[in-house]
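Inspection log for the structure reproduced underneath, given as structure tokens.
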Amino acid sequence: MQHSLKELTYKESAVESKKIKNKRNILKYLYFEDKKSIAELSEALFISIPTLTAHLEELLEEKWLVGEEVDTKKQGRNPTIYSMNPDFKHILVIDITTRSTKVVVLNFRNEIVSEKVYGWGVSNDSSFRTQLLEVIDSTIEDFTGQGGEIVAVGLTLPGLINKQTGQNKTYFGLNSENALLSEISARWHIPVYVLNDSKATVFGESLFGVGRDQNHLLSINVDWGVGLAVVLNGQIFNGASGFAGELGHVQVSPDGELCRCGKIGCLDTVASASALLTKVKRGLSNGEVSSLARFKDNLEEIMVEDVIQAASKGDGFAIDILYNIGIELGKGLSVAVHLFNPRLIVIDGVLSKAGNLIVNPVEFAINKHCLPDFKENLTIKVTEIGDSAKLLGMNAFVAKRLFKND
């Protein structure tokens with residue numbers, strides 16, 4: 001029986017579609033599971049060994065994978081172990097905060113290949129967008145000129161980020177007629193992804209940090225603002241538009257200070273790194289006795305690290321400030337604990353450097369304000385991977401989407 005050209009084309013496209021799906025599954029599995037043999041891949045992915053061998057040969061030729069023989073000290077041919085190629089395919093991660101921009105190239109083994117930090121952060125000013133595009137252009141040009149390949153770009157940003165459109169509802173200057181993500185993608189013909197910084201952090205903690213064995217965790221990013229992100233059943237919880245987790249703008253002090261969002265008494269105003277420095281400067285100006293008094297004539301030079309160091313050396317004023325910050329943070333987290341019932345809370349951000357000086361008052365406040373059943377199996381830990389949580393989380397977020405089969 002003869003087949004029409006249309007039928008043949010359909011069959012060919014179906015075969016090609018299945019091959020692409022299989023290859024993506026191989027890459028995704030090796031990204032998250034590291035090195036595997038053909039037998040292990042076949043068993044895990046339900047792909048026959050002949051078909052799998054053909055796919056692996058293509059992926060080796062395309063420089064996605066590398067293979068190495070393992071000496072088993074047995075007779076016969078040694079098995080080949082396959083893993084992601086660390087030297088060719090890479091992701092460009094741009095970590096943008098309110099104070100700086102970090103440009104990092106990572107491979108698919110989650111290793112940092114190059115890193116640069118710039119002294120300007122996100123803003124609604126058009127110059128920020130121009131600077132950002134120039135840095136992305138120069139980084140990709142330099143890297144490809146050295147023989148590497150950037151296959152995707154990932155941006156982490158503070159603010160409300162719509163998960164459907166990628167628009168930043170806080171820093172609206174990024175949402176011009178030519179959307180930033182589309183412009184970057186059009187320039188280099190590669191996919192571009194964006195993720196709120198706290199969500200990138202919690203994803204990193206859930207895969208590579210202290211939360212890697214937990215399916216239900218919160219990451220509280222105590223930086224210049226307070227950001228909360230949630231992993232439920234191993235997945236980032238986004239909410240309807242991607243805005244879930246803005247704990248920093250829950251009102252905790254109705255008669256408190258004006259927040260940068262325009263509301264009064266947000267958690268940001270009492271429990272962030274910015275709030276910490278405001279309280280320290282105010283106290284020193286009012287004559288508080290402290291080793292930090294050496295900054296009295298230059299209050300703007302005080303860093304969060306100076307306060308943490310003073311507290312760790314027994315400075316009563318610094319200890320009290322950190323304790324009060326922790327209590328307020330714990331009050332806010334008590335709300336999140338009742339809403340999400342996590343097994344683990346990870347403290348990230350600049351204030352995580354305070355260690356138990358911040359953990360202890362947070363635990364005290366949660367014990368005081370949470371119902372007993374909610375705190376029974378709850379653990380609070382400080383990050384063990386620091387700023388890397390955000391970078392690794394963004395890298396994994398991009399990889400997961402590159403290898404996704406819709």
Open item on the list: Can you tell me which of (1) free of Cβ contacts under 8 Å to residues at least 12 places away in the same chain; (2) farther than 20 Å from Glu246 by Cβ is the one Leu339 doesn't meet?
Closed with: (2)
Open item on the list: Report every pair of residues separated by at least 6 positions or lying on different chains whose Cβ atoms are under 6 Å apart, first residue within region 383-395 and closer than 17 Å to Leu217 by Cα, second hydroxyl-bearing (Ser, Thr, Tyr) and not in a helix (DSSP H, G or I).
Closed with: Ala389/Thr383; Lys390/Thr156
Open item on the list: Between a residue in region 271-290 that is free of Cβ contacts under 8 Å to residues at least 60 places away in the same chain and open to solvent by less than 60 Å² (accessible area, probe 1.4 Å) and any residue that is polar (S, T, N, Q) and not in a helix (DSSP H, G or I), which pairs come within a Cβ distance under 7 Å, given they are 6 or more apart or on different chains?
Closed with: Leu284/Ser290
TODO: Could you tell me which numbered condition Val202 fails, if it satisfies all but one of (1) under 23 Å from Asn124 (Cβ atoms); (2) at pLDDT 90 or above; (3) assigned to a helix (DSSP H, G or I)?
DONE: (1)
Open item on the list: I'd like to know if region 241-256 contains one or more residues that are without any contact (Cβ under 8 Å) to a residue 24 or more places away in the chain, more than 21 Å from Ser334 (Cβ to Cβ), surrounded by fewer than 18 Cβ atoms within 10 Å (Cβ to Cβ) and not polar (S, T, N, Q).
Closed with: no
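Listed residues Lys199, Lys163; which is under 16 Å from the mean Cα position of the chain (by Cα), basic (Lys, Arg) and buried (at least 22 other Cβ atoms within 10 Å of the Cβ)?
Numbers: Lys163 fails: buried (at least 22 other Cβ atoms within 10 Å of the Cβ).
Criteria check complete, one pass: Lys199.
Can you list the helices (runs of 4 or more DSSP H) lying wholly within region 298-389 that have 3 or more residues being crowded, with 18+ Cβ neighbours inside 10 Å? Working first, answer last.
Values: elements: 304-312, 316-340, 356-369, 372-375.
In region 298-389, the matching helices (runs of 4 or more DSSP H) lie at 304-312, 316-340, 356-369.
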Task: Residues satisfying the stated conditions in region 40-59, i.e. assigned to a helix (DSSP H, G or I) and either open to solvent by 60 Å² or more (accessible area, probe 1.4 Å) or farther than 11 Å from Tyr82 by Cβ (or both) - done: Glu40, Ser42, Glu43, Ala44, Leu45, Ile49, Pro50, Thr51, Ala54, Glu57, Glu58
Open item on the list: Can you go through Ser352, Ser334, Ser388 and tell me which one is among the hydroxyl-bearing types (Ser, Thr, Tyr), under 21 Å from Val307 (Cβ atoms) and out of contact with any Pro (no Cβ under 6 Å at 6 or more places or on another chain)?
Closed with: Ser352
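For region 225-240, give me each residue that is assigned to a strand (DSSP E or B) and open to solvent by 60 Å² or more (accessible area, probe 1.4 Å).
Step one: filter region 225-240 for residues assigned to a strand (DSSP E or B), giving 226-232, 235-236.
Within region 225-240, just Gln235 meets the criteria.
With respect to Glu69, determine if the residue is out of contact with any Asp or Glu (no Cβ under 8 Å at 6 or more places or on another chain), of a type in the set (Asp, Glu) and modelled with pLDDT of 80 or more. If you could, list the steps in order and put the result at the bottom.
On the way: out of contact with any Asp or Glu (no Cβ under 8 Å at 6 or more places or on another chain): yes; of a type in the set (Asp, Glu): yes; modelled with pLDDT of 80 or more: yes.
Against the criterion (out of contact with any Asp or Glu (no Cβ under 8 Å at 6 or more places or on another chain), of a type in the set (Asp, Glu) and modelled with pLDDT of 80 or more), Glu69 qualifies.
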- [ ] Taking Asn110 as meeting all but one of (1) touching a helix residue (DSSP H, G or I) at 6+ places or on another chain (Cβ under 9 Å); (2) open to solvent by less than 60 Å² (accessible area, probe 1.4 Å); (3) among the polar types (S, T, N, Q); (4) free of Cβ contacts under 8 Å to residues at least 60 places away in the same chain, write down the number of the exception.
- [x] (4)
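The values are calculated or read from the model by the stated rules, or taken from the named source; none is laboratory data. Values in this document were obtained by computation on a predicted structure and should not be read as measured data. Neighbour counts run over all protein chains shown; Cβ positions are idealised from the backbone, glycine included. To get the accessible areas, we keep the full protein, side chains included, count just its heavy atoms, and leave off ligands, DNA and RNA. Shrake-Rupley method; radii C 1.70, N 1.55, O 1.52, S 1.80 Å.
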